[in-house]
Structures are given as structure tokens and as C-alpha cells.
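Enquirer: Got a structure here, written out as C-alpha cells. Questions coming.
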Amino acid sequence: MNMKKANFCYRGILSLSLLAMVPFVSVAQKPNWQNLDLKADTTFGISTEKAYNELLKGKKSKSVIVAVLDGGVDIKHEDLKNVIWVNKKEKAGNGKDDDKNGYIDDVNGWSFLGSDKGSINYETLELTRLVRRDNAKFANLDATSVKAADLPAFEAYQKNKAEFEKELLEAKENLERYTALKMAIDAVVKKIGKEDPTAADFQNYTPANDMERNVQRIMVQQLEGTNFKDFYKEQIVEGVDHFKSQVDYNLNLDFDPRPIVGDDPNDVKNRFYGNNDVAGPDALHGSHVAGIIAAVRNNNIGINGVADNVVILPVRNTPNGDERDKDVANGIRYAVDNGAKVINMSFGKGYAWDKKIVDDAVKYAVSKDVLLVHAAGNDNKNLDEAQNFPNPEYLDGGVAASWITVGASGWKNDETVKADFSNYGKTKVDVFAPGVNINSTTPDSKYQKLNGTSMAAPVVAGLAGLIRSYYPNLKASEVKDIIMKSVVKVNQVVKVQQGDAVKEIPFADLSISGGIVNAYNALKLAAEYKK
């Protein structure tokens, strides 16, 4: 699962043919909706503003470091620059490891995806790497020629290879469809003669053939709630780019960017590699996540983050592709060693290369009283049945005590409150949080609405940072307990696509808590916790 790309959620267009499209309609909702209150604002946010207005006025707080393990953060963004972590023990630009922590010039964080040669942008999927690794051993063998001891590994290889070939074929087919759709739209727009045509312009257009009639139907539907330029960029151009990157990079057995880093990716003991380029080539996703957590509140610029007194520690470990377990583990350890009390992880995948190294890093974080917040993923899968990495279950038994897995919810208190893309699981997902049309910070001091559990996780990370800021004596496991116990329960059924059918399932069966996180309730509970 490539969550870094999946967060865009091409709903209604992704993977569908021209003849089988469902509208992607951008429905307007209130600004800052994730922080609003269901009762006061008729919007299913987490009541952050209510908490500030009624519970936190005049109260003192302590600054808390929240690490963003992601694809990069724009530390110069107008609404983020004042909340970026600064390593006061390091002197900028002198090429020396002043604080002797093994990382040279890590003034604002660290990247495990680069070196003095540059920084990785695209990467393969973990599935691709597993198939590439096992091709060397099993490509010319069959079940009769494999040693008995290697048979389980051979069977896993066959399964992985079949899945890889399926995904590559789908990516190629979708790239062809999207390219054809783009060309068809371009041709119609050229005939209309406007750079930014409206739904009415498409409605009044006289199609010359079946393809143009399809374009007309699609565009009339799609432009009900957005404008052409935004739709074209965010759904069509980015759709083509998404599938092209899958074919060219993510699912390309011959592509390997790791030499840029210069380390041995299989040497799990090596922790000291990378560079201090915390933005990297593509900081959109990580900047968006950082803004949801901590964009400066009430400064008349941009947006309001959830937490008002946290510092963002950028740690770059997630490329445009699947993160490597080594980089995840080292990212967690770096964040912990530099004082993070909350770690946001808006990434994930369906395969693991070395789960033990990640487990060991998670155990380290738990031992240091750090709360880890992880996005559940965007494949609309039941995680009680599907694999998702990283996860809190250790290979050697036991579960991380201070780990929260987050699904995504929408703003309407109805059967659509579960985001249609969000993974779920009665025993694997802890809570839900807003993750649909979330407006937040993007590179070059811009702002954009994105969808995904990648957006829901930082809502919870921000809430955790807020609680730890105002109640610093609470342990990480206690903060998790408070967040879980203070959810707003959703006592209704929701629509969930399962295969070709849409089923109605009680929202209570989608997660352990059965509800959506709530800042007001959580802070009230924190004030009374263990009194």
C-alpha cells in the first residue's frame, strides 16, 4: 500500500473505465471542520475550538515535540516556520556533528533518504523489492526442484510474484485509461475554447462522438462542486502521474534509487546515514500532515492546527513508494532520542521486509514514554483480515501499549461518516478521526484539501500533543487510554463497500472504540484522570 500516493483518493475515477465512472463531487463543508463541534456546528469534527474556548482559557501549557515521520516538511512555510524544531546543540552549516549524535547539521531534523549525492524521490513498493530479491534464487526453479527447506519461501515467492504481476497489469491499464481520458478532455476543452470551462459550458457543448458524450457526462457531474482547473489538476493530471509513477518506479523491478543514499539497505545495524534535507523533493504530504497537527493558531494566516504549543520535528523516511523498514526503525529512534513525545506515522504497506527491526524501535519508543500514532490505510480493507505494516503486534508476542491506529471519518453524521476509502477493523483500528477534504499546509506557503487516513492520524497526533502539553504528567499509555475512552460513539449503521456489494455495518464494529476522537471530552477526562 503506497499511502503517500493513496492519500489523494481518486474517488469515482481511480481504476475505473470511461463507461463506469461514479461522480467525484467536491461538496462544500465548513472551514476548519475537523476542529468543529457536532452539536454547535452540525459538523462531526473533534470539538477542538470548543475545548479551547471552554476548558483551556488561562491555563498554562508545556511545549511538546511531535515528530512527523513522512516524505518531507516545508520548514519555511508561513504557517509552520514558527513551530519547527530547532536543535540548539547543532551549529548550522558548519559540516560538523556538534552535538555528537551521529547526524551532521541536523538543525531541523533528519532525512534517511539521501546523502551528499542528493535525495530519493521515487521508490519501489515492498512487494517489488521482495520479488526482485527472490527472483535471484527462485526464478528458474519449480516446486519439484526446490529444496524442502526452501519450499515455504518458494511458495511465498510465487504468491508475491502473482500479486506483483497483477498490480503491474492494473497500473498499465489504468495509465492507458487515464491518458485516454486526459486526451479526450483536452480535445473537448480546446473545442469549447475556454481555459476554465464550467459545467454549463460542457452541458451546452454538442458532442461529435461517443467519447465526447462520455466526457460531457463526466464533466457535468464532476464540476457540480468544484472548478475545472482544480478538478483537472487534482484528478486527471495527478491521476496520470500516479499510474505513471507506479509503472516507471513503484512496480519496476529494474529501478533502484538506493545508491543515492549510499548505505547497505540490508545492514540493519547501520543507523548513521542520510542528510539534513528534511523537505526532500516532494514535501506536499508531510507538510500537510504537519499543518493539521500544529499550524499556528489564530494568526490570521492559513489554517488552525489542533495543538497550540507543540513543536514539529521533521524526519524524512517515506519516499513516493514504500518506506523501508530500516528507515522506519531509524526514524523512530531518531525522533525518540531528540525528545519527541508523540510520533505521527502517516504511511504503511501490505508487506514487511524486516518486521523485527521495526518492532525493536517501537519497543524502544514505548520504553521512553512515547505515543505512536499510525494511519490505518486507504484501501477500504478490514485489517482484522488484511496485513498492514507497521503495526503494534510484536513478532515475539505482545502489543505496543502506547500505539494508536486511526481510521478516517467525514463531516456528516449519517451513513457516510466512515470515509469510503478508510481501512477499518473491530480489533485492529483503535479510533476514527476526520480525514476527508482536510485543508492544510502545502509547500511554498500554499494550502490544499486532501483525503486520507494520512490526514486523520495527525488529527489524533495533534490531540495527543495537546493533552501532553496541558497535562505533562500523564504517561503515553494514559494519553491513549484517555483518547480511546473519550470518543463520541457513533450509534448507527454505515455503508461499506465489500467486493461488488455495499453492506450496512454498525459503525461500532469498525474499530475498538466504536467512535470518533473528541478533544473536548478528552481534555475533560484528562483533568480528572487518576484524581
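The values are calculated or read from the model by the stated rules, or taken from the named source; none is laboratory data. Please read these numbers as outputs of a predicted model, since none were measured by experiment. Cβ: placed from backbone, ideal geometry, glycine included. Neighbour counts: every protein chain shown.
Enquirer: Could you tell me how many of the residues in the range 195-233 are part of a helix (DSSP H, G or I) and among the hydroxyl-bearing types (Ser, Thr, Tyr)?
Expert: The qualifying residues number 1.
Enquirer: Considering only residues that are surrounded by 23 or more Cβ atoms within 10 Å (Cβ to Cβ), among the β-branched types (Val, Ile, Thr) and touching a strand residue (DSSP E or B) at 6+ places or on another chain (Cβ under 6 Å), which ones fall in the range 453-487?
Expert: Thr453, Val459, Val460, Val479
Enquirer: Being buried (at least 17 other Cβ atoms within 10 Å of the Cβ), without any contact (Cβ under 8 Å) to a residue 24 or more places away in the chain, in the same structural domain as Gln235 (by TED's automatic domain parsing) and farther than 15 Å from Gln235 by Cβ is the requirement here; does Asp210 meet it?
Expert: So Asp210 does not fit the description; no.
Enquirer: Working only within the range 73-88, note down all residues that are surrounded by 12 or more Cβ atoms within 10 Å (Cβ to Cβ) and either of a type in the set (Gly, Ala, Ser) or farther than 17 Å from His288 by Cα (or both).
Expert: Within the range 73-88, Val86, Asn87 meet the criteria.
Enquirer: Quick one: which residue in Ala156, Ala148, Ala162, Ala136 is more than 26 Å from His242 (Cβ to Cβ), hydrophobic (A, V, I, L, M, F, W, C) and modelled with pLDDT of 95 or more?
Expert: Ala156
Enquirer: So in the range 431-449, with the set limited to residues that are surrounded by fewer than 24 Cβ atoms within 10 Å (Cβ to Cβ) and not in a strand (DSSP E or B), which one is nearest to the chain's Cα centre (by Cα)?
Expert: Per the stated criteria, the residue is Asn437.
Enquirer: Given (1) closer than 30 Å to Leu125 by Cβ; (2) small (Gly, Ala, Ser); (3) over 26 Å from the mean Cα position of the chain (by Cα), where does Ala171 come up short, assuming only one miss?
Expert: The single condition Ala171 does not satisfy is (3).
Enquirer: Right, something else. For the range 88-127, give me each residue that is within 13 Å of Tyr334 (Cα to Cα), in contact with a strand residue (DSSP E or B) (Cβ under 6 Å, 6 or more places away or on another chain) and in a loop (DSSP other than H, G, I, E, B).
Expert: Tyr103, Asn108, Gly109
Enquirer: It is to be established whether one or more residues within the range 248-259 are more than 27 Å from Asn320 (Cα to Cα) and in a loop (DSSP other than H, G, I, E, B). Full working, then the answer.
Expert: Going through the range 248-259, the residues more than 27 Å from Asn320 (Cα to Cα) turn out to be none.
Within the range 248-259 (the criterion being more than 27 Å from Asn320 (Cα to Cα) and in a loop (DSSP other than H, G, I, E, B)), the answer is no, since none of the residues qualifies.
Enquirer: State yes or no: is Val261 buried (at least 19 other Cβ atoms within 10 Å of the Cβ) and either in contact with a Phe, Trp or Tyr (Cβ under 9 Å, 6 or more places away or on another chain) or in contact (Cβ under 8 Å) with a residue 60 or more places away in the chain (or both)?
Expert: yes
Enquirer: Filter the range 91-127 down to residues that are without any contact (Cβ under 8 Å) to a residue 40 or more places away in the chain and crowded, with 21+ Cβ neighbours inside 10 Å, then give me how many there are.
Expert: 0
Enquirer: Further, regarding this structure: Could you list, in sequence order, the residues of the range 82-110 that are small (Gly, Ala, Ser) and either in contact with a Gly (Cβ under 6 Å, 6 or more places away or on another chain) or closer than 25 Å to Gly305 by Cβ (or both)? Talk me through it step by step, then tell me what you get.
Expert: First, the residues of the range 82-110 that are small (Gly, Ala, Ser): 92-93, 95, 102, 109.
Passing the criteria: only Gly109.
Enquirer: Output the residue which, of all residues in the range 260-274 that are assigned to a loop (DSSP other than H, G, I, E, B) and in contact with a strand residue (DSSP E or B) (Cβ under 6 Å, 6 or more places away or on another chain), is farthest from Gly331 (Cα to Cα).
Expert: My answer is Gly262.
Enquirer: Quick one: Asn298 ticks every box in (1) in contact (Cβ under 8 Å) with a residue 12 or more places away in the chain; (2) at positive phi; (3) touching an Asp or Glu at 6+ places or on another chain (Cβ under 9 Å) except a single one, so which number is it?
Expert: The failed condition is (1).
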